[in-house]
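Since the structure comes first, as structure tokens, the remarks are kept for the end.
The values are calculated or read from the model by the stated rules, or taken from the named source; none is laboratory data. Keep in mind that this is a model prediction, so the values were computed, not measured. As a convention, Cβ positions derive from the backbone with ideal geometry for all residues, glycine included, and neighbour counts pool all protein chains shown. Accessible surface is based on the protein model in full, side chains and every heavy atom, while ligands, DNA and RNA are left aside. Shrake-Rupley method; radii C 1.70, N 1.55, O 1.52, S 1.80 Å.
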Number of protein chains: 2
Amino acid sequence: MAEPKRRPGGRSERVRVAVYDATLHGLHEDGYAGLTIESIAARASVHKTTIYRRWQSKDAVVAAAVADLVSQQFPVQASGSLVNDLRYFARTLVRLLNSRSPRVRGVLHAFFSEASTLPEIATLKRDFFAGRYAQAEAIVSAAGERHDIAIDIDAGELIGLVVAPIYYRLLVSGEPITNAVADRAVDNALAALRGGGCQSNTPNSGAAQRN
Amino acid sequence: MAEPKRRPGGRSERVRVAVYDATLHGLHEDGYAGLTIESIAARASVHKTTIYRRWQSKDAVVAAAVADLVSQQFPVQASGSLVNDLRYFARTLVRLLNSRSPRVRGVLHAFFSEASTLPEIATLKRDFFAGRYAQAEAIVSAAGERHDIAIDIDAGELIGLVVAPIYYRLLVSGEPITNAVADRAVDNALAALRGGGCQSNTPNSGAAQRN
DNA sequence: AGCTAATACAACTTCTTGTTGCGTTAGATA
DNA sequence: TATCTAACGCAACAAGAAGTTGTATTAGCT
């Protein structure tokens, strides 16, 4: 029952990279519905049996390809004023959503299309945004410690005000996503702060709820 | 070259309704990728040749089914205070996004998945949101005329602040969408107004932009 | 009651999907 | 350099879905 000797270097690795690349590229160009194992194989210059034997199903390939790219984390700069940090954060998101890299666009497609219903993709998506959220929360709490803002500010609510309008353009209105959009989102979020919004001591707002 | 006499009443109509219903239902349960003409036919208790002859392609059926439901407009109540109108508006959106009706969920799936890349669906989506936007803008401009708020308020920006967090939960974070979320979104949007946000005379915000 | 548009049914072709056996290539080890 | 064998390429195939066509049947209309 000895384990067969694996060969991680060389061809296997090249095939893996080529397949992941072809998968994300295809996800971007043809969408999840139009993506097939044979199209991936053709684009990766690899035979379809190779994919069938190594990954079994289309969903498994997609999940693996997305996981591979997402594992490369994006660092967040957190030093200086709250405005600058938030602005940098928002602009980083804008740059990401505007990326012309087929691999990044493939992941975005996976996250914001039908593929997001796959359990593996859903988990990756949740983990990715949880990570981003934690980084953003650090920005806000740091500002709280510097006494730039009140301590009872709901960090999640504030970050939501910053990023929600950006995602809104990507997913709903389809309007272009410029740096000006990012800056305006930050300005409005901070304006809400000044106007008394994002208080964490009013968890359910003042209104009664029916649902 | 006489036009053949059509028969809009009776069976044709029943088939049409059954097919649209089955399409939206299938879109909800199986997704766009999993949807096939044969599955629609089976669910509608109709033979597949009927669908092939009347609608030609899967995309055409989906577009027609979505268009049929979307054509039923949702009225917006606009009387009273800005807070109440916005809250009603936001809560209506929440109720829509939480709808358990398979037909509504099917349309939502069409709008926020791969099907939204189809030209017909994209047009329907754009028109639908343009209509909603116009209604919302009326709320804000009415408040401006009542002098509840300043005249130089960017209505679109304000509405964006209200609805963006709601869509953000649906499409990005996946958190539950309650009435409390709607109310909080309105509160924060109005707080932003008080804090000096949503001014229409600062179209590109103060910051320089690189993109 | 008769006409015929619209649908159902069956049989068929074509294309896609996924599998299997076997020969070939190229890392790894000595 | 020679050898071993994991990983891949290739061809052939089976299974099934997608889409088409001819004909019979149903049911709306006059």
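Using a 10 angstrom cutoff on alpha carbons, build the Gaussian network for chain A and name the most mobile of A:164, A:115, A:185. Looking only at A:164, A:115, A:185, the biggest GNM fluctuation is shown by A:164. Here the range A:133-154 and the range A:29-86 have alpha carbon centers that stand 33 Å from each other. If you run the Gaussian network model on chain A, springs between alpha carbon atoms under 10 Å, then out of A:165, A:75, A:102 the most flexible one is A:75. Here is the interface size for B with A: some 3600 Å² of accessible area buried, both sides summed, with a 1.4 Å probe. Excluding ligands, DNA and RNA, the accessible surface per residue across the protein assembly as shown is 50 Å² with a 1.4 Å probe.
On the protein assembly as shown, 52 percent of the accessible area sits on carbon and sulfur atoms, based on a 1.4 Å probe. Seen against the Cα atoms of chain B and their longest principal axis, helix B:179-194 is set at about 40 degrees.
The 3J(HN,Hα) values that the Karplus relation (6.51, -1.76, 1.60; θ = phi - 60°) gives for the range B:11-19 are, in residue order, 5, 3, 5, 4, 4, 4, 4, 4, 5 Hz. Gly and Pro appear as x. Mind running the shape call on the range B:11-70? Use the C-alpha gyration tensor, a ≥ b ≥ c as the square roots of the eigenvalues: rounded below 1.5 for a/c, prolate if a/b tops b/c, oblate otherwise. The shape class here is rounded. Counted by Cβ distance under 14 Å from residue A:25, the other residues give a net charge of 0, where Lys and Arg count +1 and Asp and Glu count -1.
For the protein assembly as shown, what class follows from the C-alpha gyration tensor (a ≥ b ≥ c being the square roots of its eigenvalues): rounded when a/c is under 1.5, otherwise prolate if a/b is larger than b/c, else oblate? Oblate shape, in that a/c is at least 1.5 and b/c is the bigger or equal ratio.
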